[in-house]
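Okay, structure first, notes after.
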Amino acid sequence: MSQVDLVEVTKTFPGGVKAVDGVSLTVRQGEFLTLLGPSGCGKTTSLRMIAGFEQPDAGRVLIGGRDVTRVPPYERDTGMVFQSLALFPHMSVLDNVLYGLRMRGVSRTEAERRAREMLALVQLSGYEHRRPHQLSGGQRQRVAFARALAVNPSIFLLDEPFAALDAKIRDELQVELRRLQQRVGITTVFVTHNQREAMTLSDRIAVMRDGRIEQIGSPQEIYEDPATVFVAGFVGMTNLFRGHVVERAGRRVRVKTEEGFVVEAELGAGTGNGASKDSAAAGDVAPGKPVTVSVRPESVRLEPRDQDARGGSPAGVDPSGGGQGGIPVTVDLIRFVGELIEYHLYTPGGQEIIGTYQRGQRTLSMGQGGAAIVRFDPKEARVLWR
Amino acid sequence: MANAGPRPAPSRPGNGEDMGAGIGPVLERPSRRRWPDPSLALVGTTFWVVLAFIVVPLGVLAAVSVHPGRFMTFPPQGFSLRWYQTLLTSSQWLEAIRNSLVVALGSAVLATSIALVLALVLDRYPVRFGEYMRRLGMMPLFLPPVIMGVAFVAFFYEIGFSGRIENLIIAHGIFNAPFPLLLISSGLSKVNRELEESAMNLGARPATVLRTVTLPLIRADVFAGVLFAFLLSLNEYIVAFLVSGFTVVTLPIEIFSSLRYSFSPVIAAASVLFIAGTGFLVWLADRLAGGLWD
């Protein structure tokens, strides 16, 4: 069990694509860290540099404090689960799990004892002599876990291992992976483009974009205090309002949106904390500066509005900047999404706002086509740089 | 909107992108054309005609081989296996069969070894001029056998090493390498790179990865390559004739020279034996390719 450090790591592929651009990252001992981002953001390349399959052009990779930048993969002591799982098709389940132990010169009986123990840990006792193609997707997944962990590596690496599974099995295996990881207590780096997966599994998440890290933090921090508009949009749903700062008092900022509505929001702890170059310091937020306000759908409060009010200035709304006037909207669509009710709303200018409510939380009288006012608590709205 | 397109899209004032995408112009689907029946019939007829062209001469050959008379005659007047007996007792024919098998086996192993090394190196390592090396390996496929044969003869004569069976093995080994090269290269390209990386991740050095993962995964292709090269060598006449320099006689050479002096049904018997052997190997290759590890 050890720590992983990436120090100012850069990787450019032939053709000039900068896959990883000056990334520094520390994965703490025993931590489950997820590299999250869209495809092409450099997350897989970063993982492959930790495993030793890619050599960084610049920067260093440290495992347990030891510089392994030029150490070949077979001397790195990492256990990796690949996207394709890469189980050896010409070997039985047991031989797959034994492979790494044999490479390390563990005696036959000891290796077999260890392999059977690992298979028991992933609930695959009795499947030792099957071939990978005779197993279900979830079982193959568990063999891959067992094989990677059998050698007792110091680092556990996973590259989108759940991508090929259907939703239900994926959920079960996520729970199983987390349990396994905590039981073994192994430092883990997990790569995914699925933000839900990242949220439910990780101790910390590093959100990546264009070869850089946008923000590192716990799932809660990332969700509640996104550092950039990209993070806010990528991790969970959000409503974004572009506008300019009107007034600032401490963390509280009053913003006039492009449609002319005035909303209040707060500077989050995350604002300005991102590693990305376009997240400027929070101190720069001053009147006149262009910003974006992010409001999560569950923070959107909906109140009925008198439909007969004159168009430009509906009842209760003060477009001139009076403060908590709210934003007038019409209800366009109501969707039932499992335990949530999702409202799709439109502002007069045509911007879509999404609000979600727990089923049974309260009954809203508004139906489709109804008029309403959107309000939100400034504490639950974040001011971000555009 | 003077220059609006021919199909103005429905749009909402103020906000085009949210709702406007609902209903677009319904495109007319081109109705799927069916192949008219005459072409289908033509394809069917062609198939049977081609099959007949392949099978009928073989049938005639088989029939001729059981003719008891001294000259090849069709239809056969009677039934006799005497020519098969002659074939399998005459030292001349047995020698030819033995030579053919030795050359085919030796050259198949040689051709596949060359192909395996070349394919592995070219596929797994960034070699300078790698593409040219692959083309060099494929060249015998595109050169006329006569030219290859003459080149080999000249070469072996120059180094003072002619008229030996080893020459034939070497010549066929190089001449037939393109086929195993194609098979093994295509096999390698189907091996998921992550399997090799996974082995490396588990602590296997590159040589061990090759031995425990890569080779086992392409062994069906290697076997197919050996069989292919074996068959090609067995059937090859031109290069064999030139390189052997009248000292080593293989089965095709023997059949050919027999035809020059006689018209004996033993030639037909040899051919039938030949076809049966080939058929067996093709069947074997087919079986092996499907399930080498299951």
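The values are calculated or read from the model by the stated rules, or taken from the named source; none is laboratory data. Remember, it's a predicted structure, so these values are computed and weren't measured experimentally. A quick note on method: Cβ atoms are made from the backbone with ideal geometry, for glycine too, and the neighbour counts reach across all protein chains shown.
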| remark: Here the residues within the stretch B:241-283 that are aliphatic (A, V, I, L, M), more than 17 Å from B:LEU94 (Cα to Cα) and in contact with a Gly (Cβ under 9 Å, 6 or more places away or on another chain) are B:LEU242, B:VAL243
| task | Considering only the stretch A:337-352, state which residues are in a strand (DSSP E or B) and β-branched (Val, Ile, Thr). | result | A:VAL337, A:ILE341
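Could you grab me the full set of residues in the stretch A:98-131 that are assigned to a helix (DSSP H, G or I) and within 11 Å of chain B (Cβ to nearest Cβ)? Before you say what the answer is, go through the steps one by one.
Filtering the stretch A:98-131 down to residues assigned to a helix (DSSP H, G or I) leaves A:98-103, A:108-121.
A:LEU98, A:TYR99, A:GLY100, A:LEU101, A:ARG102, A:MET103 - these are the residues of the stretch A:98-131 that are assigned to a helix (DSSP H, G or I) and within 11 Å of chain B (Cβ to nearest Cβ).
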| task | Kindly check whether there is at least one residue in the stretch A:152-159 that is within 28 Å of A:GLN29 (Cα to Cα), within 13 Å of chain B (Cβ to nearest Cβ) and touching a helix residue (DSSP H, G or I) at 6+ places or on another chain (Cβ under 6 Å). | result | yes
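Condition test on A:ALA150, is it assigned by TED's automatic domain parsing to the domain that holds A:TYR127, among the small types (Gly, Ala, Ser), touching a Lys or Arg at 6+ places or on another chain (Cβ under 8 Å) and under 22 Å from A:THR78 (Cβ atoms)?
Yes; evaluated as a whole, the condition is true for this residue.
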| the stretch A:30-50, residues that are over 19 Å from the mean Cα position of the chain (by Cα) and more than 23 Å from A:LEU180 (Cα to Cα) | A:MET49
| field | Residues of the stretch A:165-193 classified as within 23 Å of A:PRO38 (Cβ to Cβ) and touching a residue at least 40 places away in the same chain (Cβ under 8 Å), total | value | 6
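Among A:GLY236, A:GLY260, A:GLY272, which is modelled with pLDDT under 90, more than 27 Å from A:TYR343 (Cβ to Cβ) and either among the charged types (D, E, K, R) or not in a helix (DSSP H, G or I) (or both)? Full working, then the answer.
On the way: A:GLY236 fails: more than 27 Å from A:TYR343 (Cβ to Cβ); A:GLY260 fails: more than 27 Å from A:TYR343 (Cβ to Cβ).
Within the list A:GLY236, A:GLY260, A:GLY272, the selection yields A:GLY272.
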| On the given criteria, is A:VAL207 among the β-branched types (Val, Ile, Thr), at pLDDT 90 or above and either part of a strand (DSSP E or B) or out of contact with any Cys (no Cβ under 6 Å at 6 or more places or on another chain) (or both)? | yes
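So for the stretch B:154-164 (the condition being away from every other protein chain (no Cβ under 14 Å), surrounded by fewer than 19 Cβ atoms within 10 Å (Cβ to Cβ) and aliphatic (A, V, I, L, M)), does at least one residue qualify? Break it down into steps so the answer makes sense when it comes.
Within the stretch B:154-164, the subset away from every other protein chain (no Cβ under 14 Å) is B:154-164.
Now drop any that are not surrounded by fewer than 19 Cβ atoms within 10 Å (Cβ to Cβ), which leaves B:154-155, B:157-164.
Those left that are additionally aliphatic (A, V, I, L, M): B:154, B:159.
The answer is yes, given that some residue of the stretch B:154-164 is away from every other protein chain (no Cβ under 14 Å), surrounded by fewer than 19 Cβ atoms within 10 Å (Cβ to Cβ) and aliphatic (A, V, I, L, M).
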| task | Report, ordered by the first and then the second residue, all pairs with beta carbons closer than 6 Å, sequence separation of six or more or different chains, a first member in the stretch B:213-224 that is closer than 16 Å to B:ALA199 by Cα, and a second member that is part of a helix (DSSP H, G or I) and among the acidic types (Asp, Glu). | result | B:VAL213/B:GLU196
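Sort through A:GLU247, A:GLU266 and tell me the only one that's crowded, with 16+ Cβ neighbours inside 10 Å and either modelled with pLDDT of 85 or more or of a type outside the set (A, V, I, L, M) (or both). Can you show your working first?
Working: A:GLU247 fails: crowded, with 16+ Cβ neighbours inside 10 Å.
Only one candidate passes the filter, namely A:GLU266.
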| message | Of everything in the stretch A:72-97, what is over 29 Å from A:ARG28 (Cα atoms) and assigned to a helix (DSSP H, G or I)? Give them in sequence order. | response | A:VAL93, A:LEU94, A:ASP95, A:ASN96
| Does any residue of the stretch A:176-186 turn out to be farther than 18 Å from A:GLN141 by Cβ, modelled with pLDDT of 90 or more and either crowded, with 23+ Cβ neighbours inside 10 Å or in contact with a strand residue (DSSP E or B) (Cβ under 8 Å, 6 or more places away or on another chain) (or both)? | no
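So if I check each of A:VAL81, A:VAL27, which one is within 25 Å of the chain's Cα centre (by Cα), more than 14 Å from chain B (Cβ to nearest Cβ) and not charged (D, E, K, R)?
Values: A:VAL81 fails: more than 14 Å from chain B (Cβ to nearest Cβ).
Among A:VAL81, A:VAL27, only A:VAL27 is within 25 Å of the chain's Cα centre (by Cα), more than 14 Å from chain B (Cβ to nearest Cβ) and not charged (D, E, K, R).
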| query | Mind checking whether some residue in the stretch A:60-69 is closer than 20 Å to A:PRO161 by Cβ and either out of contact with any Asp or Glu (no Cβ under 7 Å at 6 or more places or on another chain) or without any contact (Cβ under 8 Å) to a residue 12 or more places away in the chain (or both)? | reply | no
| request: Among the helices (runs of 4 or more DSSP H) lying completely within the stretch B:178-229, list those that include at least 1 residues that are away from chain A (no Cβ under 14 Å) and modelled with pLDDT under 90. | output: B:178-189
| message | Condition (residue is among the acidic types (Asp, Glu) and at pLDDT 85 or above) applied to the stretch A:317-325: is it met by at least one residue? | response | no
| said: For A:ASP95, only one of the following conditions fails: (1) within 9 Å of chain B (Cβ to nearest Cβ); (2) surrounded by fewer than 18 Cβ atoms within 10 Å (Cβ to Cβ); (3) charged (D, E, K, R). What is its number? | reply: (1)
| message | Yes or no: the stretch A:63-71 includes at least one residue that is among the hydrophobic types (A, V, I, L, M, F, W, C), more than 10 Å from chain B (Cβ to nearest Cβ) and not in a loop (DSSP other than H, G, I, E, B). | response | yes
| Are any of the residues in the stretch B:236-252 within 14 Å of chain A (Cβ to nearest Cβ), out of contact with any Phe, Trp or Tyr (no Cβ under 9 Å at 6 or more places or on another chain) and not in a loop (DSSP other than H, G, I, E, B)? | no
